[in-house]
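Notes for the one structure printed next.
The values are calculated or read from the model by the stated rules, or taken from the named source; none is laboratory data. Predicted model, so just to flag it, every value in this text is computed and none were measured. Cβ sites come from the backbone with ideal geometry, for glycine too, and all protein chains shown count toward neighbours. What goes into the accessible areas is simple: the full protein's heavy atoms, side chains included, and nothing from ligands, DNA or RNA. Shrake-Rupley method; radii C 1.70, N 1.55, O 1.52, S 1.80 Å.
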Amino acid sequence: MADAALIGGSAADGKVAIIQPLPGVGDMVWHLPHIHALAEAQPEGAVAVVTKPRSRADQLFAADPAVSEVVWLDRSQDGKGGSHDGVLGVLKLARLLRSHHFRRVYVLHHSWRYACAAWLAGIPERFGYGMGRQRRFLNRGPFLPESMRRDHPLDLATAWLKAAGIAQPEKEPQLRLDSASVAAARAAYADRPRPWIALGLGSSEPYKQWGAERYAALAAALSEDGWGSFFLLGGPEEKPFLPALRAALGDDPGRLVESFDMKMGEILAFLGAMDLYVGNDTSFLNLAAASGVPAIGLFGATPPLTHSDAIAAILPPDGVPDKAGGMARITVEAVMEAVAAHKANTDG
């Protein structure tokens, strides 16, 4: 196969891109250490990130000097087709990549289509995992063994960096927040009693949801324990939780701060000012931990995340998550024990 670098362009010209196609906010957070490591390895110290809009990468990287720009992949999601689907979509993606004049691309995924699009775009240096058909379109090693195809995406990216000899200074994800925005968030809510705790009410799937009744009982217990203000993280689907949470705080419902209609950038600003996070296994949990906030995650239905020391996992009493009723088996008392452990570590 002829190298598309011959079509035009020099390895000395253009920008560097990272293609990370997994769609979720959590997926992008998991890849922060790898993106930062690859950016640091470039002479300019920055990369473009090519990804899907659902990752909210434009807002996650708004204050991150390691990311110079975000380029959107338009793939099908939520039942809607995308312009980069199918064979014609690969050609359209190639045109998009070519228009950005990248000199080098790193594909942090095992799919062949992104490597093929990079080849068609004439990007001179093309790195990737090299599994299956993808290897045909790459011209730089190292390559990972096919036996790793089903490994966790985090493990694949870490293994590739190690094989490539690229140092990974961050051992777990670290969001680079705008300090001025965090300070402004602190000032905006300065009249709210401390300490501040974020409750991650959102849930991508019903089986990951702890429920309004349990969160209300938790808020009452936390209030009695001395926690001052409660910042509610969720979407429109969680607005019905409000009456129960307000009732749990009795005569002072003003201690609740809602984020249901906030943009991601606004949420990140005040999330960085929290003293503790408690919530479902969702993107907010990953964001809190990556913001440096101690986080208690409720893993009744899913295996606990292990990529961050900032996350303390709460499981059902038998330690076995299950989608059928695992979240219901996590008690308010168990969560309060984890909060007490956090306070003991902080005070100690």
Report summary line: Once normalised by the length of the stretch 105-228, the mean sequence separation of its alpha carbon contacts under 8 Å that are 6 or more apart gives a contact order in percent of 14
Report task. Along Cα→Cβ, 7 Å out, is where each label goes; now give me the distance between the ones at residue 346 and residue 322 in nm to one decimal. Result -> 3.5
Requested in this report: Between beta-carbons, use under 14 Å as the cut-off and find the net charge around residue 148, counting Lys and Arg +1, Asp and Glu -1.
Outcome: +1
**Report entry** Label-point separation in nm, residue 266 to residue 166, each point 7 Å along Cα→Cβ
**Finding:** 3.6
**Report entry** Surface per residue (accessible, 1.4 Å probe) for the stretch 104-202, Å²
**Finding:** 46
**Report entry** In the stretch 121-166, the trypsin sites (Lys or Arg not before Pro) that fall in loop regions by DSSP, at most 16 other Cβ within 10 Å
**Finding:** 140, 149, 150
Report summary line: Expressed as a percent, the accessible surface of the chain that is carbon or sulfur, using a 1.4 Å probe and the full set of protein chains, is 53
Query - Calculated FRET value between residue 155 and residue 85, using beta carbons and R₀ = 35 Å, to 0.05 - result: 0.80
Query raised in the report: Which whole-angstrom value gives the distance between the alpha carbon centres of the stretch 195-230 and the stretch 281-348?
Result: 12
**Report entry** Local net charge near residue 289, Cβ-Cβ under 13 Å (Lys/Arg +1, Asp/Glu -1)
**Finding:** -3
Query raised in the report: Pairs 52/92; 52/80; 15/92; 239/263: which are spaced more than 24 Å apart, C-alpha to C-alpha?
Result: none
Query raised in the report: Roughly how many whole Å is it from the C-alpha centroid of the stretch 96-129 to that of the stretch 50-76?
Result: 16
Query - Relative contact order (%) - the chain, alpha-carbon pairs under 8 angstrom, separation at least six - result: 15
Report task. Quote the relative contact order of the stretch 59-175 in percent (integer), defining contacts as alpha-carbon pairs under 8 Å separated by 6+ residues. Result -> 16
Requested in this report: Note down the net charge around residue 299, summing +1 for each Lys or Arg and -1 for each Asp or Glu among other residues with Cβ under 10 Å from its Cβ.
Outcome: 0
Query raised in the report: Which of the peptides 285-291, 259-265 is most tightly packed, and how do the rest follow, going by the mean number of other Cβ atoms within 10 Å of each residue?
Result: 285-291, 259-265
